[in-house]
Amino acid sequence: MDITFKNVNYIYQQGTPFEHKAIEDLSFDIPSGSFVAIIGHTGSGKSTLIQHLNGLVRPSSGDVTIGDFHLTNDSKVKNMKELRSRVGVVFQYPEHQLFEETVEKDIAFGPENFDVPKDEIQKRIREITPDVGIPEELLKRSPFELSGGQMRRVAIAGVLAIKPEVLVLDEPTAGLDPRGQKEMMNMFYDMHKREGLTTILVTHSMEDAVKYADHVIILNNGTKYMEGKPEEVFIQKKALQKVQLEVPDIVQFLNAFEEKFGKRIPYRRQSIEEIASEIQQFLEGAESS
Amino acid sequence: MSNSLIIGQYVPGKSVIHRLDPRTKIIIIFFFVFIVFFANSVLSYGVLTAFALASMFTTRIPMYYIIKGLTPVWFLIVFTFLLHLIVTKEGSVLIEFLGFKIYSGALIQGFAISMRFFLLILVTSLLTLTTTPIEITDAIENILHPLKKMKFPVHELALMMSISLRFIPTLMQETEKISRAQASRGVDFRTGPLKERVKAVVPLLVPLFVSAFKRAEDLAMAMEARGYQGGEGRTKLRELKIEKRDIFIYILFVFVVAGLFFTRNWS
Amino acid sequence: MRGKLIEFRNVSFRYTEELPWVLKDCSFEIYENEEVAIIGHNGSGKSTVAKLMNGLLFPEEGAIFINGQQVTQESIWEIRKDVGMVFQNPDNQFVGTTVQDDVAFGMENRGIPRAEMVKRIDDTLSAVGMLDYLMTEPHKLSGGQKQRVAIASVLAIFPQVLILDEATAMLDPKGRTEIMETITSVQEKHQLSLITITHDLQEVVRAERVIVMNEGEIWDEATPREIFAKRAELRKIGLDVPFIANLSDALLKAGVSITNEPLNQRELLEDLWISHSRM
C-alpha cells in the first residue's frame, strides 16, 4: 500500500492552554514495498506520525492516505478494523503488551480480533515462530516466564501473525544486546524482502538506517527536516549536526580521511570491505607515483 | 488527557491561602466541617457562607473555574433540596398542586441541608485547589505524628501516599501506551456491546498490573540501594512552618466560630 | 599505587538452589579512582555483579570486600554509603515527587540535617546541570534528565564508587551523550571510581580497564585496546566491537598494514599515515 501525507498538522489538546503542535505541515510519500527510516529526537513528532498510520489519531488538518484509506479531520475511516489489520505496528518495548496465559494465545490474539479463521491462525503461528526465533516448546508456556528478549519476540510474532502489508517498527531493538539487535534487524529485513512488505522503521540508529533503508526522512520539531536516499542525506554533516544528529561512523571516517589525505572517497553505501579496498588502492597508488 | 475532571485539582498560585501551612488549612477545614452542623438560623449560615466565599475570593482562582469544578455537585445539591421538599412533612402547608403538598418545614430543612452540603464541598475543594497533594501528605504525616507512639505506621503511610502521587502520571502514560498497542491489535475500546467492552479491558489491565509490579520491585531495590531502612532516624527536607499568616487565620476563624454561636437561634 | 576499593574473592551466586549459577567463581579487584567497564551479553551475569557490590544480593560462595570490609547483612548500611548505584530504568528509581525531593531521599535516609541537605542539593544538581529543575516533577523530565538527577542523588551522599548499571540503555543518543558528559565533568571534580555496566562501545572505549563477562564467568580482564584486539572471539560471545576495529580488520584483509590496535578514528588515521608515508 502506498502511503501519502499531505500538509498534515497535528495539534494536541486543541483549544486548551496546553495546546501544542506535534506535527506541522508534513508531506511525504512512501511507495508500496519500500523500506523507510524515520529519524529524529524524542519529541520530534515520530510517535505522533506513527499513530496516523493505523488511524489511532486523525490529523488536525491535511490528508493522510494509506492505500484506499483516507484520514482527514472531518471524515472517519469507515472500516478502521480493516486498516489496522493491514498496517501492523510494533511499538517501543512491545513486550509490555503481552497479557495472555500462553505464548500461543497471545500471538493468536490479534488475528482473532480480525476474525481470521482458527486453522489459519494455527498455520500462521507455525510459520512465524521459527522466523522470529521462538522455539516450539515455548508456545504453551506463559509469556511472563520468558526472558526479556524472548518476550520481545513473542510480541513481534503477535503483530506479524496479523499478516500486515505495512509494518511499522518503533525502535524495535531498544534495550537488546548487540547480538539481539543484529538478529532482530536482519529478521525484519528478510521478512521485508520475502513478503514484499512496506516497512517503516523509526530509529535513532544512523547505522541501521544506512544499512537497511532505501529512503530516509528526518524529523525535527514536528517538521520534515531532510528527506532522500541514505547516501544523499547522511553525507550532509553540517545540516545533521544542526539538529544534533551525527553522521554514520563510516561517513565520519571518510570525511576525516579526506581531511588527512586530501583524497575524497565518495560514499555510495559501500560495505566496509569495499571501503577498505578503495583505501588500499589509494595507498598503493600513492606508493607507485 | 481529560480536562473535565477538575474537582479539586491543584491550581498553582501565590495567594495567602496557597501559602498557608497545609496543617492550618486541614485543621480549619476539619473544624469548619464540624461547626457547619451547628448553624440553624439564616444569619448563622450567613456568617459561614461569608467566611467560605471570602476564602474563595482570596485564592484568586477564577470563579468560573471553581463553579465548573463543582458542576457534578450542583446536581446533588439541587437533588437533595428537591428530595426534602417532597419527603418532609413539617410545619404549615405553603403550596399545594397536583396532589403534592409543600410544607414550610420542608423548605427550611431543604435549604439548610443543601446549604451545609454546598459549604462543605466548597471549603474542602479550596483545600485541594490551593495545596499540592504532597503538601497535604506532609501535613497528614505531621498531624498524625502523635499516633506513632501507638505503633501506627505514620511514616510508611505518608511514604506510600507520596509514592502513589509520584507514579500517577507515569501509570497514566503507560495506560495510554498499552491501549494504543492493543487497539493496533484490533481491540475496540470504544464501540460494541457492553459485554465486549468489558472484555476489552483485560488486555489493558493485565499488562498494566504486570508493569506496576515490575516498577514496584525496581523502586524497592532503588530505595534500598539509597539507604532506605524505614522511618527511624530520618530527617526531612520538606519543612512545615507556622507563620504569622497562619496565626492570623486561626484568630479569624475563632471569631467566625464565635459569630456563629452568637447568631445561632436568631431569626 | 592506588588503594584497593572493591574485591571479589571467588564469588559464586544463584537465585535459588534449583536455578543454574548466575556467577561462577568470579574474582577481580577495582581500585580507587579507577574507571572500569563491565561488558557481556544479556544474561551473562554482569548486572548481578553490580547488585552484589552493594548488598542488594549476597554471594552463595566466596566473599566481597569494599574498603577491606566484607559485604554482609550487618555491613550493608555503611557499604551502601560508599557504593552508589544508578539503575537502568529512569522512571523506576525516581522516588521523590520533585527533583529536589528525589536528591534529598538518600540524605533523609541517612539523617543528614536539613541545612546541609539544601547545600548538597544545590551542589550536586549544579554538578549534573539540573539546578534549573529543582521543583520539576519527574513526568516533565526526559529520560536523560531523570538519570542525571539519579546521579546527583547518589553523589549527594559522597560515595567512593559510582556504578552505572546499564544506566544509558533506555536513553536516546542525545540522552546518552548527556550522561557521559555529566560523568566526565563529575570525575574532574570528585575523587570517584566509576563502574559502567554497558553495551555501549563509547562507554567501553573510555574506560581504563574492561572486564568481560560470559556465562557467569570472567572471560577476560584487560585494557580496551587489548580486549578489542580479540575481535573474533568477542563476536563469538555475542559482543560488538567498535566500528574502527572492524574497519582495521577489513583494511588488514585488503593488505594494508596496520601496526597498532587503533581504538578511535584519530589513531587509525595516524596508523594509515605512517604506513602511507613509509610507502
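The values are calculated or read from the model by the stated rules, or taken from the named source; none is laboratory data. Everything numeric here is computed off the predicted structure, so don't read it as measured data. Methodologically, a virtual Cβ is constructed for each residue, glycine included, from the backbone with ideal geometry; neighbour enumeration extends over all protein chains shown. Note: areas computed on protein heavy atoms with side chains; ligands, DNA, RNA excluded. Shrake-Rupley method; radii C 1.70, N 1.55, O 1.52, S 1.80 Å.
Key figures for this structure:
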| quantity | calculated |
| --- | --- |
| Close pairs from the stretch B:183-200: first more than 7 Å from chain A (Cβ to nearest Cβ), partner modelled with pLDDT of 85 or more, Cβ under 6 Å, at least 6 apart | B:Ala200/B:Val187 |
| Failed condition for B:Thr175, given (1) at pLDDT 90 or above; (2) of a type in the set (Val, Ile, Thr); (3) touching a Leu at 6+ places or on another chain (Cβ under 7 Å); (4) under 23 Å from B:Thr24 (Cα atoms) | (4) |
| Yes/no for C:Glu29 being in a strand (DSSP E or B) and open to solvent by 10 Å² or more (accessible area, probe 1.4 Å) | yes |
| Filtered residues of the stretch C:1-11 (kept if under 21 Å from the mean Cα position of the chain (by Cα) and assigned to a strand (DSSP E or B)) | C:Lys4, C:Leu5, C:Ile6, C:Glu7, C:Phe8, C:Arg9, C:Val11 |
| One residue from A:Glu82, A:Glu104 being over 21 Å from A:Val168 (Cα atoms) and either open to solvent by 50 Å² or more (accessible area, probe 1.4 Å) or of a type outside the set (Gly, Ala, Ser) (or both) | A:Glu104 |
| Residue check for B:Glu232: modelled with pLDDT under 90, outside any helix (DSSP H, G or I), among the acidic types (Asp, Glu) and under 30 Å from the mean Cα position of the chain (by Cα) | no |
| Residue check for A:Gly196: open to solvent by 20 Å² or more (accessible area, probe 1.4 Å), over 21 Å from the mean Cα position of the chain (by Cα) and at positive phi | no |
| Counted residues, the stretch C:45-69 - those being more than 19 Å from C:Gly106 (Cα to Cα) and either touching a helix residue (DSSP H, G or I) at 6+ places or on another chain (Cβ under 9 Å) or facing chain B (nearest Cβ under 9 Å) (or both) | 7 |
| Of all residues in the stretch B:162-200 being outside any helix (DSSP H, G or I) and surrounded by 15 or more Cβ atoms within 10 Å (Cβ to Cβ), the one that is nearest to the chain's Cα centre (by Cα) | B:Ala200 |
| Residue satisfying condition, being within 11 Å of chain B (Cβ to nearest Cβ), touching a residue at least 24 places away in the same chain (Cβ under 8 Å) and open to solvent by 40 Å² or more (accessible area, probe 1.4 Å), within set A:Phe144, A:Phe91 | A:Phe144 |
| Checking C:Ala37 against (1) within 20 Å of C:Ile218 (Cβ to Cβ); (2) out of contact with any strand residue (DSSP E or B) (no Cβ under 6 Å at 6 or more places or on another chain); (3) in contact (Cβ under 8 Å) with a residue 24 or more places away in the chain, the condition it does not meet | (2) |
| The listed residue being more than 10 Å from every other protein chain (Cβ to nearest Cβ), on the phi > 0 side of the Ramachandran plot and crowded, with 19+ Cβ neighbours inside 10 Å, out of A:Gly55, A:Gly62 | A:Gly62 |
| Filter pass, C:Ala245 being open to solvent by less than 20 Å² (accessible area, probe 1.4 Å) and farther than 21 Å from A:Glu258 by Cβ | yes |
| In the stretch A:232-264, residue farthest from the other protein chains (Cβ to nearest Cβ) [restricted to those that are open to solvent by 80 Å² or more (accessible area, probe 1.4 Å) and assigned to a helix (DSSP H, G or I)] | A:Glu232 |
| The one condition in (1) in a helix (DSSP H, G or I); (2) touching a residue at least 24 places away in the same chain (Cβ under 8 Å) that A:Asp29 fails to fulfil | (1) |
| Check on B:Pro72, in a helix (DSSP H, G or I), at pLDDT below 85 and either among the β-branched types (Val, Ile, Thr) or on the phi < 0 side of the Ramachandran plot (or both) | yes |
| Pairs where the first residue, in the stretch B:42-54, is in the same structural domain as B:Leu120 (by TED's automatic domain parsing) and the second is open to solvent by 60 Å² or more (accessible area, probe 1.4 Å) and not in a helix (DSSP H, G or I), C-beta under 6 Å, 6+ apart | B:Leu43/B:Trp266; B:Ser44/B:Arg264 |
| Test: residue in the stretch A:97-113 that is part of a helix (DSSP H, G or I), closer than 29 Å to A:Gly222 by Cβ, in contact with a helix residue (DSSP H, G or I) (Cβ under 6 Å, 6 or more places away or on another chain) and within 11 Å of chain B (Cβ to nearest Cβ) | yes |
| Filtered residue count, the stretch B:79-115, keeping only those that are open to solvent by 50 Å² or more (accessible area, probe 1.4 Å) and assigned to a helix (DSSP H, G or I) | 11 |
| Which numbered condition B:Arg226 fails, given (1) in contact with a strand residue (DSSP E or B) (Cβ under 9 Å, 6 or more places away or on another chain); (2) surrounded by fewer than 14 Cβ atoms within 10 Å (Cβ to Cβ); (3) not aliphatic (A, V, I, L, M) | (2) |
| Single match in B:Thr58, B:Thr88, B:Thr71 (criterion: of a type in the set (Ser, Thr, Tyr) and in contact with a strand residue (DSSP E or B) (Cβ under 7 Å, 6 or more places away or on another chain)) | B:Thr88 |
| Odd one out for B:Ile29 among (1) open to solvent by 30 Å² or more (accessible area, probe 1.4 Å); (2) assigned to a helix (DSSP H, G or I) | (1) |
| Helices (runs of 4 or more DSSP H) lying entirely in the stretch C:68-140 (those with 3 or more residues that are open to solvent by 50 Å² or more (accessible area, probe 1.4 Å)) | C:76-82, C:114-127 |
